[in-house]
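Asker: This is the structure I want to talk about, given as C-alpha cells.
Laboratory data are not the source of any read-out in this text; all were calculated from the coordinates shown. Just so you know, these numbers come straight off a predicted model, no measurement behind them. Positions of Cβ are generated from backbone atoms using ideal geometry, with glycine treated the same way; all protein chains shown enter the neighbour counts.
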Amino acid sequence: AQSVSQHNHHVILSEAASLELGCNYSYGGTVNLFWYVQYPGQHLQLLLKYFSGDPLVKGIKGFEAEFIKSKFSFNLRKPSVQWSDTAEYFCAVTNNLFFGTGTRLTVIP
Amino acid sequence: DTEVTQTPKHLVMGMTNKKSLKCEQHMGHRAMYWYKQKAKKPPELMFVYSYEKLSINESVPSRFSPECPNSSLLNLHLHALQPEDSALYLCASSLSKGETQYFGPGTRLLVL
C-alpha cells in the first residue's frame, strides 16, 4: 500500500524566514515525486517534480526539494519565504498522484 | 493552449437532479483524471482515463459516471447525489499516465 505523510499541518513563518516542509512516503516500487501548491482561490499548480537523476531538484519561485531514497523523504525547502507564498502545499507520489494531507503555510509580513 | 478548463465553476443541485461536469484540454494529453477535494483535505483520485479508456476507478459510487468522448474532453455525470458529495471536483490531464498532471480550476458542487 502507498501512503504519504506530511508532518506539519500548519506552519507560520515571518517573511524572509527559511522554510522546510517534510514529506515521507511509503511505496514498494519506483516513485515519481511531486510538490504541488494551491494558492487561496486558485487551482493546484506544480512546484517541482522528481522522476530520476539529480536528487536535488529546483522548481518555480525559488523552491527546491531533495529526494533521499534511504529516508523515503522528499522535503521541500525555500531559503527565504515571502508573503505571497501563503498557500496549501501538497506532496504527492507515484503515477496516479496519491496526495499527502497537505501543509498550510502562512507567511506573516 | 496550456490549460485545463472546467465548466461550470459552481453548481448547486438537488438530490434528484441529473447534471454533468465538463473538462477540456487542448494540449494533446492522452490521460485525464477526476479528483474530489473536500475542504481542508487533499484531492482524492476518482477516475483515470488513458487513451480514452477507463483505466482506474477508485471504488467510486455509481451515482458518479465518467465519460471520455474524445481525447480532449472528459465528463462526469452526476445522478442522485447525496449532500456529502458536496466538494470541489478537479480535472487534470497529463501527456500520458504517470507524467506530470496539470489541473483545472475545479467545479464547486453543492448538493442540497
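Asker: How high is the FRET efficiency from A:K69 to B:L95, r the C-beta distance, R0 25 Å, rounded to 0.05?
Answerer: FRET efficiency, A:K69 to B:L95: 0.45.
Asker: Just to be sure I understand: if I project the alpha-carbon convex hull of the range B:28-111 onto a plane and average over all orientations, what area do I get in nm²?
Answerer: Mean orientational projected area (the range B:28-111, Cα hull): 5.3 nm².
Asker: Modelling each spin label as a point 7 Å along the Cα-to-Cβ direction, I'd like the B:N57/B:A80 distance in nm, to one decimal.
Answerer: With each label placed 7 Å out from Cα toward Cβ, I get 1.5 nm.
Asker: Hey, another quick one. When averaged across all projection directions, what area in nm² does the alpha-carbon convex hull of the protein assembly as shown cover?
Answerer: Projected over every direction and averaged, the Cα hull of the protein assembly as shown covers 12.4 nm².
Asker: Suppose a student asked you for the relative contact order of chain A, using Cα pairs under 8 Å spaced at least 6 residues apart; what percent would you report?
Answerer: Averaging sequence separation for qualifying contacts and normalising by length gives 38 percent for chain A.
Asker: Residue by residue through the range A:74-89, which ³J(HN,Hα) values in whole Hz follow from phi under the Karplus form 6.51 cos²θ - 1.76 cosθ + 1.60 (θ = phi - 60°), with glycine and proline marked x?
Answerer: Running phi through 6.51 cos²θ - 1.76 cosθ + 1.60 with θ = phi - 60° gives 8, 7, 9, 9, 8, x, 8, 7, 10, 3, 6, 7, 4, 4, 9, 10 Hz.
Asker: Using Cα pairs under 8 angstrom and six or more residues apart, how large is the relative contact order of chain B, in percent? Don't jump to the answer; show the numbers that get you there.
Answerer: Working: 290 pairs, mean separation 41.5, N = 112.
Once divided by the residue count of chain B, the mean separation gives 37 percent.
Asker: If I model the range B:1-41 as equal point scatterers sitting on the Cα atoms and use the Debye formula, what is log10 I(q)/I(0) at q = 0.28, 0.31, 0.34 Å⁻¹?
Answerer: Per q value, in the given order, log10 I(q)/I(0) is -1.12, -1.18, -1.23.
Asker: Of the cross-linked pairs A:K71/B:K40; B:K9/B:K97; A:K49/A:K78; B:K40/B:K97; B:K9/B:K36; B:K22/B:K53, which ones have a Cα-Cα span greater than 21 Å in the structure shown?
Answerer: Correct reply: A:K71/B:K40; B:K9/B:K97; B:K40/B:K97.
Asker: Which whole number in µm²/s is D for chain A by Stokes-Einstein, with the Kirkwood Rh taken over Cα pairs at 4 °C and 1.567 mPa s?
Answerer: 94
Asker: Would you calculate the volume per residue, in Å³, of the smallest convex hull containing every Cα atom of the range A:63-109?
Answerer: Spelled out: Cα convex hull of the range A:63-109, divided by residues, is 91 Å³.
Asker: Under a plain spin-label model, where a point goes 7 Å from the Cα along Cα-to-Cβ, how far apart in nm are B:K40 and A:F51?
Answerer: About 3.7 nm separates the two model spin labels.
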